[in-house]
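As structure tokens, the structure follows; a few thoughts come after it.
Computed from the coordinates by the stated procedures, all read-outs in this text should not be read as laboratory data. None of the values given here were measured: they were computed from a predicted structure. A quick note on method: Cβ atoms are made from the backbone with ideal geometry, for glycine too, and the neighbour counts reach across all protein chains shown.
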Amino acid sequence: MSTLYALLGVEPDASQEAIERAYARQRVRYASEQVAELEPELQRVAAERNAELERAYRILGDPERRRQYDSSLAGNKAPGKAPQRGLTPRERWFAVAGALVAVGLIALFWVLTGQNDAPQRQAMSEVNRPAPLFAAPALDGGTVRLEDYRGQVVLLNFWGTWCEPCKRELPALQAAHEQLGGEGLAVIGINLTDDEKLQGRSEAQIAAFLSQFGVTYPIALDLEGSITNDYRVFPLPTSFFIDPEGAIRYVHIGELTLADVQATFIRMRGETPRRSPT
């Protein structure tokens, strides 16, 4: 189940100050001037995401509404067993009334927050614009430079350790790296390290997280958020397929599967290179 905390990219125990900072950073990414030149499908996704952020902040930004929201989440957890005894008619009446009130509160917040167990809708959009160049510190040392991959198809994947779809797609990305790396595909992960540090995570913790999944493809650290802003990233994960000439050809919003990567890579290999706009 997705929560408002996950939407903002913070942990449930985040301070109000951390929530304020996270909301401000997310708002910059979805500002109208950032999306004005994007394709209609991506503009629609950005508008939906912005509305979700506003709804999340209205609740988490208000301490009282946040407490009520936290209570509604706690109400969904299975309670531990406690010694039972017979209830008097009066106690049963209060128990039933209390349960109805609790169900009503949970239902109210369910509607307000739009929570559900369905997977996030995915979107693949075909584009043709120059990929912003970058040089960023690599997680394992050295520097990741996009221009060093010219001549290959590049899969640029923006992710964070707190993002559940990001975790789920890591095995698929690693498999694509292993299976297609020798055929001309370069997989590069862009970690939103500025957001990671906002939540108290170190680079060592990011590396430990990735080691659980056996990730060996390059990971670039977006320490200041500049790469994320240049690429106008929306929900995580977002992936960009860049052709050998250095133009973004496809943008995928949501979780990638190995089949997605294979199909897009094959399609791009069979396409006539296009001259990207200047």
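When each of the peptides 126-136, 149-159 is scored by the mean number of other C-beta atoms lying within 10 Å of its residues, the order from highest to lowest reads 149-159, 126-136. For region 250-261, backbone phi angles converted through the Karplus equation (6.51, -1.76, 1.60; θ = phi - 60°) give residue-by-residue couplings of 9, 10, 10, 9, x, 6, 8, 10, 4, 4, 4, 5 Hz, Gly and Pro being listed as x. Computed 3J(HN,Hα) for region 60-71, one whole-Hz value per residue from the Karplus formula 6.51 cos²θ - 1.76 cosθ + 1.60 where θ = phi - 60°, is 6, x, 9, x, 5, 5, 5, 4, 5, 5, 4, 5, glycine and proline marked x. Residues SER211, SER72, SER125, ranked from the fewest to the most other C-beta atoms within 10 Å, line up as SER211, SER125, SER72. Peptides 165-171, 60-66 ranked from most to least packed by the mean count of surrounding Cβ atoms within 10 Å: 165-171, 60-66. Simple spin-label estimate for ASP230 and GLU17 gives 3.1 nm between the two label positions (7 Å along the Cα-to-Cβ direction from each Cα). Using θ = phi - 60° in the Karplus curve 6.51 cos²θ - 1.76 cosθ + 1.60, the 3J(HN,Hα) couplings for region 148-163 round to 5, 9, 4, x, 10, 7, 10, 9, 9, 10, 8, 8, x, 5, 7, 8 Hz; x is entered for Gly and Pro.
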